[in-house]
Amino acid sequence: MDSRKAVIMVLVLRGAEPHDEPFLWAMLYEASHASKRGLLEPDQLRAVPELSRYLEGWAEAGDLGVVGGDGEELRGAAWVRLLDKANAGYGYVADDIPELAIATIPAARGTGLGTALLTRLLADAATRYPGICLSVDAGNPARHLYERMGFIEVARAGLIDAPGSTSKTMLLRFT
Ligand SMILES: CC(C)(COP(=O)(O)OP(=O)(O)OC[C@H]1O[C@@H](n2cnc3c(N)ncnc32)[C@H](O)[C@@H]1OP(=O)(O)O)[C@@H](O)C(=O)NCCC(=O)NCCS
């Protein structure tokens, strides 16, 4: 008898809830490439206003997110939050356009999870917002994902991360 076992991964997606906040901080750590900023763990993001603004007080009115995994373990998340000009994020475009944050755990990259999360989030967001914006480094392969989903590059209007930054602002309009 063949003793080999087939492993079938079942992808489960659901809306992000208030109790998912600790996982979202872990995903913000990944999305912001915080280890390159010298931050050692997600909790340290809370003391960095330009990053904590994407998550502090999660599940405010207007917050919208999706988490996904194999049903037992969460492996990735995508969410949007409205950040007005006074509190602009890196990808700010306009007060009525929420900004995207997305990441998977390192082991799940390139598996299609990011595409699945973003597809679901865009479908949910299209019923509530005129569009979604984001900021991405020019060298980040995530750009392919955003372009494939219909995001286009627009002029930068948000936070400048560092002198000589190669970050790009991208926008997907639903209307
Ligand atoms: C960006 C991210 C959420 C995409 O999720 P994913 O499950 O890796 O994506 P998919 O497998 O659905 O592939 C989608 C695209 O991601 C890109 N991708 C693949 N492996 C990747 C990796 N290790 N890191 C970043 N992007 C990757 C590919 O270019 C692919 O685009 P293409 O298929 O059109 O060529 C995930 O790779 C990630 O968490 N990256 C690190 C955090 C990050 O950079 N977040 C975005 C900040 S703007």
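The values are calculated or read from the model by the stated rules, or taken from the named source; none is laboratory data. On a predicted model such as this, the values are computed, not experimentally measured, just so you know. Please note: Cβ atoms are built from the backbone with ideal geometry, for glycine as well, and neighbour counts cover all protein chains shown. Only protein heavy atoms, including side chains, enter the accessible area calculation; ligands, DNA and RNA are left aside. Shrake-Rupley method; radii C 1.70, N 1.55, O 1.52, S 1.80 Å.
Beta carbons closer than 8 Å, at least 6 apart along the sequence or on distinct chains, pair a first residue in the range 37-55 that is of a type in the set (Gly, Ala, Ser) with a second that is modelled with pLDDT of 95 or more and surrounded by 11 or more Cβ atoms within 10 Å (Cβ to Cβ) for SER52/LEU45; SER52/ARG46.
Residue by residue, here is whether (1) open to solvent by 40 Å² or more (accessible area, probe 1.4 Å); (2) more than 23 Å from VAL12 (Cα to Cα); (3) at pLDDT 95 or above; (4) part of a strand (DSSP E or B) holds:
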| position | (1), (2), (3), (4) |
| --- | --- |
| TYR90 | no, yes, yes, no |
| ILE97 | no, yes, yes, no |
| LEU100 | no, no, yes, yes |
| LEU118 | no, no, yes, no |
| LEU122 | no, no, yes, no |
| ARG143 | yes, yes, yes, no |
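Of everything listed in (1) touching a residue at least 40 places away in the same chain (Cβ under 8 Å); (2) in contact with a strand residue (DSSP E or B) (Cβ under 9 Å, 6 or more places away or on another chain); (3) within 16 Å of the ligand (Cβ to nearest atom), the single unmet condition for PRO98 is (1). Take the range 127-141 and flag every residue that is open to solvent by 40 Å² or more (accessible area, probe 1.4 Å), touching a strand residue (DSSP E or B) at 6+ places or on another chain (Cβ under 9 Å) and more than 15 Å from the ligand (Cβ to nearest atom). ARG128 - this is the single residue of the range 127-141 that is open to solvent by 40 Å² or more (accessible area, probe 1.4 Å), touching a strand residue (DSSP E or B) at 6+ places or on another chain (Cβ under 9 Å) and more than 15 Å from the ligand (Cβ to nearest atom).
Among the residues of the range 8-26, are any under 18 Å from ASP137 (Cα atoms) and within 16 Å of the ligand (Cβ to nearest atom)? Walk me through how you get there before you give the answer.
The first filter runs over the range 8-26 and keeps only residues under 18 Å from ASP137 (Cα atoms), leaving none.
Checking the range 8-26: not a single residue is under 18 Å from ASP137 (Cα atoms) and within 16 Å of the ligand (Cβ to nearest atom).
When the range 102-113 is limited to residues that are surrounded by fewer than 21 Cβ atoms within 10 Å (Cβ to Cβ) and not in a loop (DSSP other than H, G, I, E, B), the one that is nearest to the ligand (Cβ to nearest atom) turns out to be ALA108. Is it fair to say LEU83 is open to solvent by less than 10 Å² (accessible area, probe 1.4 Å), at pLDDT 95 or above and more than 24 Å from ALA123 (Cα to Cα)? No; evaluated as a whole, the condition is false for this residue.
I need the full set of residues from the range 51-80 which are in contact with an Asp or Glu (Cβ under 8 Å, 6 or more places away or on another chain) and open to solvent by 10 Å² or more (accessible area, probe 1.4 Å), in order please. Spell out the reasoning first.
The initial filter retains those residues of the range 51-80 that are in contact with an Asp or Glu (Cβ under 8 Å, 6 or more places away or on another chain), namely 54-55, 58-59, 64-67, 74, 77, 79-80.
Result: TYR54, TRP58, ALA59, LEU64, LEU74.
Here TYR92, TYR54 are screened, and the one residue that is within 12 Å of the ligand (Cβ to nearest atom) and of a type in the set (Phe, Trp, Tyr) is TYR54. If you filter the range 27-47 down to residues that are of a type in the set (A, V, I, L, M, F, W, C) and away from the ligand (no atom under 16 Å from the Cβ), you find that the one that is most open to solvent (accessible area, probe 1.4 Å) is LEU40.
When the range 145-172 is filtered for residues that are within 17 Å of ASP95 (Cα to Cα) and either surrounded by fewer than 16 Cβ atoms within 10 Å (Cβ to Cβ) or among the aromatic types (Phe, Trp, Tyr) (or both), the ones remaining, listed by number, are VAL154, ALA155, ALA157. Whenever a residue of the range 122-145 is free of Cβ contacts under 8 Å to residues at least 24 places away in the same chain, its partners that are away from the ligand (no atom under 11 Å from the Cβ) and open to solvent by 30 Å² or more (accessible area, probe 1.4 Å), lying with C-beta atoms within less than 9 angstrom and at least six residues away or across chains, give the pairs THR127/PHE174.
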